[in-house]
Amino acid sequence: MTAESTPLIIDKIVRETDRAKTIFVKHKDGSPVAYKPGQFMHFGFRQLNAIAYRSYSLSTIPEEGAAFTVKEMENGDVSRSLQQYKEGDTLNLINVGGKFVLPQNMEAIQQVFLFAAGSGITPVFAILKQILKHHPGISVYLAYSNSTPAATIFYEAIKALAEDYPERLQVNFIFSSNKNLLKARLSGFWLQEIVQEHRKAAWENILAYTCGPVEYMDNIKITLFTCGIRSEHFYMEYFETISDGLLLPPPDQELHRVTIKLLGQEHHLEVQYPDTILSAGVNAGLKLPYSCRSGQCGSCTARLVSGEVWLQYNEVLTPDDLRNGLTLTCMGCPVNGDVTLQYD
């Protein structure tokens, strides 16, 4: 594997739908796994003579125990094999990461909009429970799109939360099987109506989170930005890898020297496009942190000590992050000279 792994024991498995399971895990000594609601677990799976890496979003809050929910995909070798795992089996955890979490300071927040489609509910469900149980002054609106109620992950659990928190939680289940086509999918026009009807606070006091197919999230993003959401208050979590057509090639494609400071040691690489800093480091045998390899999760973040890094794509680092020297090695290419990076 490209990083040290930690063995976790499957403690419990809960069937959510015909194709989805929630898998609870813990350390071998019985201690809980540390994480923040909305983050993901990055695992390594040995398959034949290779290691397959997959990330799965945590769907629980810490007091429930660490658990991720996985939906069997038609062409997903790992997701299908996970359906065969049983209690007591071992999984190899590479790391826990992700920035799809609540901000540390929630004092000014009065309302949160949540938008999920299909299995995109997984991290959103964790955030929903965290808000309801630990932030009593915040109201939540959840719009959740699926094909049918039977295919809806956490359907009964979400309805139960709506009954437990009637003054704070509003839920809109959207089903593509609805005969009323205007209510079968969350269009931009309908989303504007939802915001106008249910917004209870000024935009500076509102957060919004979305997870689902890329086109779905892009619609949410464009519409909410038009309505007035602040960019720093809007969070997206990607389950899909971006296409090569969206990647921006660096203006300088020459060979450059990259120095990586990691765990008290210095490593020197020669990096040239189309290699990224991460791919060059992994190919050289360095145990660098990463997960999505597509500029969407932040697991590979390093601090730029000197030089310049061109990002082919970035959906996770904010302008403040970039000004403070953070960069994504999975999408980063050295330009205009040599580069030094520090992993904190």
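The values are calculated or read from the model by the stated rules, or taken from the named source; none is laboratory data. Note that the structure is a prediction, hence the values are computed from the model and not measured. Here Cβ is always computed from backbone atoms with ideal geometry, including for glycine, and neighbour counts include all displayed protein chains.
Of the strands (runs of 3 or more DSSP E) lying entirely inside segment 147-257, those containing at least 1 residues that are of a type in the set (D, E) span 234-237. Say whether the condition of being modelled with pLDDT under 95, farther than 21 Å from V101 by Cβ and either buried (at least 20 other Cβ atoms within 10 Å of the Cβ) or not assigned by TED's automatic domain parsing to the domain that holds C297 (or both) is met by at least one residue in segment 153-168. No, there is no match, as no residue in segment 153-168 is modelled with pLDDT under 95, farther than 21 Å from V101 by Cβ and either buried (at least 20 other Cβ atoms within 10 Å of the Cβ) or not assigned by TED's automatic domain parsing to the domain that holds C297 (or both). Take R19 and tell me if it is free of Cβ contacts under 8 Å to residues at least 40 places away in the same chain and among the basic types (K, R). No; evaluated as a whole, the condition is false for this residue. The criterion of at least 3 residues that are more than 21 Å from K99 (Cβ to Cβ) and β-branched (V, I, T) is met, among strands (runs of 3 or more DSSP E) falling completely within segment 260-344, by 332-342. Restricting attention to segment 130-144, does a residue exist that is aliphatic (A, V, I, L, M), in a helix (DSSP H, G or I) and either surrounded by fewer than 17 Cβ atoms within 10 Å (Cβ to Cβ) or on the phi > 0 side of the Ramachandran plot (or both)? No, segment 130-144 has no match at all. Exactly one residue out of H233, H198 is under 27 Å from P37 (Cα atoms), touching a strand residue (DSSP E or B) at 6+ places or on another chain (Cβ under 9 Å) and free of Cβ contacts under 8 Å to residues at least 40 places away in the same chain, and it is H233. The criterion of being under 24 Å from S57 (Cβ atoms), at pLDDT 90 or above and not assigned by TED's automatic domain parsing to the domain that holds G38 holds for T329. With (1) at pLDDT 95 or above; (2) over 29 Å from D18 (Cα atoms) as the list, and L142 as the residue in question, which single condition is left unmet? For L142, the failing item is (2).
When segment 296-313 is limited to residues that are of a type in the set (S, T, N, Q) and farther than 14 Å from P251 by Cα, the one that is farthest from the chain's Cα centre (by Cα) turns out to be S306. For segment 99-119, the count of residues that are without any contact (Cβ under 8 Å) to a residue 12 or more places away in the chain and either touching a strand residue (DSSP E or B) at 6+ places or on another chain (Cβ under 8 Å) or closer than 20 Å to I9 by Cα (or both) is zero.
Select from segment 117-139 the residues that are among the small types (G, A, S), closer than 20 Å to T22 by Cβ and in contact with a Leu (Cβ under 9 Å, 6 or more places away or on another chain) and list them in ascending order. Residues satisfying the conditions are A117, A126. Remark: R199 falls outside the filter, which requires a residue to be surrounded by 14 or more Cβ atoms within 10 Å (Cβ to Cβ), under 21 Å from G118 (Cα atoms) and charged (D, E, K, R). Please verify whether segment 36-55 includes one or more residues that are over 22 Å from C300 (Cβ atoms), surrounded by 15 or more Cβ atoms within 10 Å (Cβ to Cβ), touching a residue at least 12 places away in the same chain (Cβ under 8 Å) and aliphatic (A, V, I, L, M). No, segment 36-55 contains no residue that is over 22 Å from C300 (Cβ atoms), surrounded by 15 or more Cβ atoms within 10 Å (Cβ to Cβ), touching a residue at least 12 places away in the same chain (Cβ under 8 Å) and aliphatic (A, V, I, L, M). For segment 319-344, residues that are in contact (Cβ under 8 Å) with a residue 24 or more places away in the chain and small (G, A, S) total 2. The residues of segment 34-66 that are in contact with a Lys or Arg (Cβ under 7 Å, 6 or more places away or on another chain) and over 23 Å from I131 (Cβ atoms), listed by number, are F43, F45.
When residues in segment 12-25 are screened for being crowded, with 16+ Cβ neighbours inside 10 Å and either in contact with a helix residue (DSSP H, G or I) (Cβ under 9 Å, 6 or more places away or on another chain) or of a type outside the set (A, V, I, L, M) (or both), 8 of them pass. Taken together, S79, S57 contain a single residue that is within 20 Å of the chain's Cα centre (by Cα), under 15 Å from T17 (Cβ atoms) and not assigned by TED's automatic domain parsing to the domain that holds E232, which is S79.
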